[in-house]
């Protein structure tokens, strides 16, 4: 690719000492716009199992939105307000849907052995998302400020204390749990989810097991030289 | 001509084969709309669980004998909190599994002295009737050994009488009965909830003391049993009411159902150390899930049980057409992905 | 009439749950296996979704670029 602008010379030639140029060049070679926002995908991506990733993301979005409202009005509002109760219900059911879709997505990816072809990190970031989501849900249950929270904190303290985690992660401390649930963990989950999705965009959807490489030029729509 | 390259190599390469249209933005928007509608429908139809919080006032009002007996246990040091160990106190050493003893290593980080925090300090925070005030004075003037003797004697007598005050045998219990009576009165009035909440200050968000005290009695425990939330009845997965709970905790909950972790014998090693052992088991299994791509055997299961042949049936069908018809001629595969 | 009922009240009425989901759940059990009906429904839904997802045909790409 050539450029008409001499000031962009460094983009493709020579070695730049500028961090910005180096980062931009690295980004553009790893995740160019047509990988980030593709309008084509491999023909083998033709199964309903593939929609469960985006459904999980959509549920995450609804969780965040309903959670934002709840965080604005505080953890006790929904006990006495019908509108609050409805927003709480949105949050509750979007979480149920989130885990349903995520687990089906996980099953699908397992049976497709989707970690093949240098995609181990995609699998691993997915598992971290899962585990971090478990933690987020757990702290969510703790901050309901109702009987369920009381019981869960009373029981969970034993498991966490037994392995020393209770020394600094106090499930009975509403302030700590609320901030972990509404600030810390959503940030962690958000960052890892973005990383996970970018990895999928970068490596593409995994090929079928025992897939055959297409080397016939007629099969290549991009028009570039294929692997032989 | 279609060359047969190994599947592993193909997976690592950029796909140059047939493709199909894909509108990623549209997919995202449709997903959000569908999920939003589903969520609104379910929220509207079913609401969400919200079982009201238990209070110490309700405990003392509904299970007065148990509240009284628990107060005595706090003074005698026989309650669960009193003997817990880290991170609350040094009454116990905490659980250790082999060389692993993190509960002990991290020590006491949330100090709780049940006799003082749950009974004496709250009693001090309010004007008490003459007999309770006198009992407080007598308690604090006594040596720790004397206090222990009174409280233990009364605790034993009360237990022998099945928590029925009218049937407690006579004995030297010192000021303990009056202290317990005073605290019960405070609890029934609602004052104890407030006092434990404020803990002598103004702002606070730490409910450790309240939950430990509440949990020492039977009121919280009985409510949990009624709601099917006990650990040995898959309670970790359950929710109050008829709502779905945390089905995703099924494997964590599973270990607590195994008789070895669940025996009636408190001295049994596996039962007494269940919390630690099960946590380590789950940590190892989680690590296994994380590192699945590298674990021989496990990573081959999708190949041995070929569900993928269903998922990619169109691709495999086309692939067998291509290879059976190919020979030296043109592939009959479609260009551009149209079928 | 609706002008005399506040927004809060209207919202409350409009969002009354259709089913009484606050009563205790039913449990199915065999020995030490015990599952609440709502949880069982969730798990069955997941299995059903998975099976349908891999079995149902996916729309073909009828248009080319």
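The values are calculated or read from the model by the stated rules, or taken from the named source; none is laboratory data. From a predicted model like this one, the values you see are computed outputs, not experimental measurements. FYI the Cβ positions are ideal-geometry reconstructions off the backbone, even for glycines, and counts take in every protein chain you see.
For the stretch A:102-114, how many residues meet the condition of being at the interface with chain B (Cβ under 8 Å from one of its Cβ atoms) and without any contact (Cβ under 8 Å) to a residue 60 or more places away in the chain?
The number of residues fulfilling the criteria is 4.
In the stretch B:198-215, is there at least one residue being buried (at least 18 other Cβ atoms within 10 Å of the Cβ), more than 9 Å from chain A (Cβ to nearest Cβ) and over 30 Å from residue C:43 (Cα atoms)?
Yes; the residues of the stretch B:198-215 include at least one that is buried (at least 18 other Cβ atoms within 10 Å of the Cβ), more than 9 Å from chain A (Cβ to nearest Cβ) and over 30 Å from residue C:43 (Cα atoms).
Conditions tested, residue by residue: (1) closer than 22 Å to residue A:131 by Cα; (2) surrounded by 18 or more Cβ atoms within 10 Å (Cβ to Cβ).
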{"residue": "A:177", "(1), (2)": "yes, yes"}
{"residue": "A:189", "(1), (2)": "yes, yes"}
{"residue": "A:202", "(1), (2)": "no, no"}
{"residue": "A:207", "(1), (2)": "no, yes"}
{"residue": "A:211", "(1), (2)": "no, yes"}
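What do you reckon, is residue B:155 out of contact with any helix residue (DSSP H, G or I) (no Cβ under 6 Å at 6 or more places or on another chain), modelled with pLDDT of 95 or more, closer than 20 Å to residue B:65 by Cβ and in a helix (DSSP H, G or I)?
Here the answer is no, as residue B:155 does not meet what is asked.
Restrict the check to the stretch A:166-184 and report whether at least one residue is within 22 Å of residue B:35 (Cβ to Cβ) and either modelled with pLDDT under 95 or more than 7 Å from every other protein chain (Cβ to nearest Cβ) (or both).
Yes.
If we scan the stretch B:186-196, do we find a residue that is closer than 15 Å to residue B:68 by Cα, free of Cβ contacts under 8 Å to residues at least 60 places away in the same chain and out of contact with any helix residue (DSSP H, G or I) (no Cβ under 8 Å at 6 or more places or on another chain)?
For the stretch B:186-196, residues closer than 15 Å to residue B:68 by Cα, free of Cβ contacts under 8 Å to residues at least 60 places away in the same chain and out of contact with any helix residue (DSSP H, G or I) (no Cβ under 8 Å at 6 or more places or on another chain): absent.
Could you please give the count of residues in the stretch B:165-180 that are surrounded by 11 or more Cβ atoms within 10 Å (Cβ to Cβ) and in contact with a helix residue (DSSP H, G or I) (Cβ under 8 Å, 6 or more places away or on another chain)?
Selection size over the stretch B:165-180: 11.
Name the residue, out of A:86, A:99, A:52, A:92, that is in contact with a helix residue (DSSP H, G or I) (Cβ under 9 Å, 6 or more places away or on another chain), facing chain B (nearest Cβ under 7 Å) and more than 18 Å from residue A:137 (Cα to Cα).
A:86
So residue A:131 passes all but one of these: (1) part of a helix (DSSP H, G or I); (2) at the interface with another protein chain (Cβ under 7 Å from one of its Cβ atoms); (3) over 30 Å from residue A:198 (Cβ atoms). Which condition number does it fail?
That leaves (3) as the condition not met.
Filter the stretch C:48-64 down to the residues that are in a helix (DSSP H, G or I), in contact with a helix residue (DSSP H, G or I) (Cβ under 9 Å, 6 or more places away or on another chain) and surrounded by fewer than 17 Cβ atoms within 10 Å (Cβ to Cβ) and list them by number.
Of everything in the stretch C:48-64, those that are in a helix (DSSP H, G or I), in contact with a helix residue (DSSP H, G or I) (Cβ under 9 Å, 6 or more places away or on another chain) and surrounded by fewer than 17 Cβ atoms within 10 Å (Cβ to Cβ) turn out to be C:52, C:55.
Without any contact (Cβ under 8 Å) to a residue 24 or more places away in the chain, touching a helix residue (DSSP H, G or I) at 6+ places or on another chain (Cβ under 9 Å) and within 30 Å of residue B:139 (Cα to Cα): which single residue out of B:87, B:114, B:52, B:102 fits that description?
That would be B:87, the only listed residue that is without any contact (Cβ under 8 Å) to a residue 24 or more places away in the chain, touching a helix residue (DSSP H, G or I) at 6+ places or on another chain (Cβ under 9 Å) and within 30 Å of residue B:139 (Cα to Cα).
Just name the residue that is farthest from the chain's Cα centre (by Cα) out of those in the stretch B:222-232 that are surrounded by fewer than 19 Cβ atoms within 10 Å (Cβ to Cβ) and closer than 19 Å to residue B:263 by Cβ.
The selected residue is B:225.
Tell me whether the stretch B:254-272 contains one or more residues that are at the interface with chain A (Cβ under 9 Å from one of its Cβ atoms) and closer than 30 Å to residue A:98 by Cβ.
Among the residues of the stretch B:254-272, not one is at the interface with chain A (Cβ under 9 Å from one of its Cβ atoms) and closer than 30 Å to residue A:98 by Cβ, which makes the answer no.
Just to be sure I understand, how many residues within the stretch A:115-126 are facing chain B (nearest Cβ under 9 Å), part of a helix (DSSP H, G or I) and crowded, with 21+ Cβ neighbours inside 10 Å?
Of the residues in the stretch A:115-126, 1 are facing chain B (nearest Cβ under 9 Å), part of a helix (DSSP H, G or I) and crowded, with 21+ Cβ neighbours inside 10 Å.
What residue, of B:30, B:35, is without any contact (Cβ under 8 Å) to a residue 24 or more places away in the chain, under 30 Å from residue B:244 (Cα atoms) and surrounded by fewer than 16 Cβ atoms within 10 Å (Cβ to Cβ)?
That would be B:30, the only listed residue that is without any contact (Cβ under 8 Å) to a residue 24 or more places away in the chain, under 30 Å from residue B:244 (Cα atoms) and surrounded by fewer than 16 Cβ atoms within 10 Å (Cβ to Cβ).
Mind checking whether some residue in the stretch A:74-81 is touching a residue at least 40 places away in the same chain (Cβ under 8 Å), under 18 Å from residue A:195 (Cα atoms) and more than 8 Å from chain B (Cβ to nearest Cβ)?
Within the stretch A:74-81 (the criterion being touching a residue at least 40 places away in the same chain (Cβ under 8 Å), under 18 Å from residue A:195 (Cα atoms) and more than 8 Å from chain B (Cβ to nearest Cβ)), the answer is no, since none of the residues qualifies.
Can you pull out the residues in the stretch B:300-315 that are at the interface with chain A (Cβ under 7 Å from one of its Cβ atoms) and either touching a helix residue (DSSP H, G or I) at 6+ places or on another chain (Cβ under 7 Å) or surrounded by 14 or more Cβ atoms within 10 Å (Cβ to Cβ) (or both)?
B:302, B:307, B:308, B:311, B:312, B:314, B:315, listed by residue number.
If I ask for residues that are free of Cβ contacts under 8 Å to residues at least 12 places away in the same chain and crowded, with 23+ Cβ neighbours inside 10 Å, which ones from the stretch A:40-57 would you list?
Hit for the stretch A:40-57 is A:43, nothing else.
Taking the stretch B:281-299, which residues are part of a helix (DSSP H, G or I), closer than 30 Å to residue A:157 by Cβ, more than 7 Å from chain A (Cβ to nearest Cβ) and in contact with a helix residue (DSSP H, G or I) (Cβ under 9 Å, 6 or more places away or on another chain)?
B:281, B:282, B:285, B:288
What are the residues in the stretch A:103-113 that are surrounded by fewer than 23 Cβ atoms within 10 Å (Cβ to Cβ) and under 14 Å from the mean Cα position of the chain (by Cα), if any?
Across the stretch A:103-113, the qualifying residues are A:103, A:106.
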